[in-house]
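Here's the structure, in structure tokens; my notes come after.
Every number in this text was worked out from the coordinates using simple rules, so none of it is lab data. The shown structure was predicted, so the numbers you read here are calculated from the model rather than taken from an experiment. Using ideal geometry, Cβ is built from the backbone for each residue, glycine included, and neighbour counts are taken over all protein chains shown.
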Amino acid sequence: MSVDGGAVRPAGETGTGTDEPGWEVDPDDEWGVAVVATVGRQLRLRREAVGMRVAEFAAVMKYGEDLVYKIESGKRIPRPEYLEKADEVLGAGGLLAAMREDVAKIRYPKKVRDLARLEAQAVELLSYGSHNLHGLLQTEEYARALLSTRRPALSEDELERAVAARMARRAVFERRPAPELSFVQEEVTLRRPVGGMMVLRRQLEHLLEMAKLRHVEIQVMPTARGDHPGTGGRIQVLKFADGTAVGRADDEFGSRPVTDPRHLRILELRYGIIRAEALTARESLTFIEQALGET
């Protein structure tokens, strides 16, 4: 990673033409592949229409020629700043910059897009976390530190995409009408110093801010309360306006998403007991404040 004027940039983003920031295309994401191919083709056609060779274009853009070839051949997802710069250099009058919206939809992994889509449609979310804080509750630096612990280790490109995707999902908090969001977190998730004590401290401060939102309820399950049905791992249920729902649990149904009412009933039963065994929202707020004071 490099730092420039306080802004963190992915490795390789030097602006000198040596390398170029962007995202690799997932070959299994058919829709994403099609979008990137279309965007790349439009960039190439516009460049050729104004009579610029790749070398000349890359020099003016201050990006490497290799990246230009990759983007125009649909092998690399361009970042928003690349499209904006290309629009300016090629005099596209906003046509190329407008493709940012299409690119924004596919720059994250397909499974993350699918999850974000479900969260964006849900009217109620129930989540029990046993090992880590729920992704929607994480600060950016906490998420980065947590994702950095994965093995095999993520590449810089993969890490940046994963963090950006997780942060994008937080748009659910700004929806109107607001969905009802219920989180039960094991005490250990508030104690483990992921990224160091200062990262944990800012994460706890963020939790206190989230807990003040009227449509958000955060509860803590003290470690001393071991007799509850959450010992098998995470549980999550998303409910939608049409009465349907989708759920998932680490230790049930092969960890796969389920929509069968019989299976959902099991998950909701477990979550209901967990929620009843946990500290109340008010008690949990006090608990988090105490944990913050200890960091």
Dipole of the chain (Lys/Arg Cβ +1, Asp/Glu Cβ -1, origin at the Cα centre): which of A104, F240, L190 lies farthest to the positive side? F240
Cα centroid distance between region 45-118 and region 170-221, in Å? 35
Cut-off under 13 Å on the C-alpha distance; same-chain residues fewer than 8 positions from K70 excluded. Which aspartates and glutamates are left, in chain and number order? D19, E20, E24
Give me the distance in nm between label points sitting 7 Å out from Cα along the Cα-to-Cβ direction at R225 and V188, one decimal. 1.7
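Where does the chain land at 222 nm, in deg cm²/dmol rounded to the nearest 500, when only DSSP H runs of n ≥ 4 count, each adding -39500 (n - 2.57), divided by all residues?
Working: 12 runs with 136 residues, N = 295.
Theoretical 222 nm ellipticity from helices: -14000 deg cm²/dmol.
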Choice from Q121, Q219, Q185 with maximal GNM fluctuation in the chain (Cα, 10 Å cutoff): Q121
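Calculate the dipole size of the chain relative to its Cα centre from +1 charges on Lys and Arg beta carbons and -1 charges on Asp and Glu beta carbons; express the result in debye to the nearest 20. All intermediate terms of the calculation are to be shown ahead of the outcome.
Details: 44 positive and 47 negative charges, 73 e Å.
With only Lys, Arg, Asp and Glu charged at Cβ, the dipole is about 360 debye.
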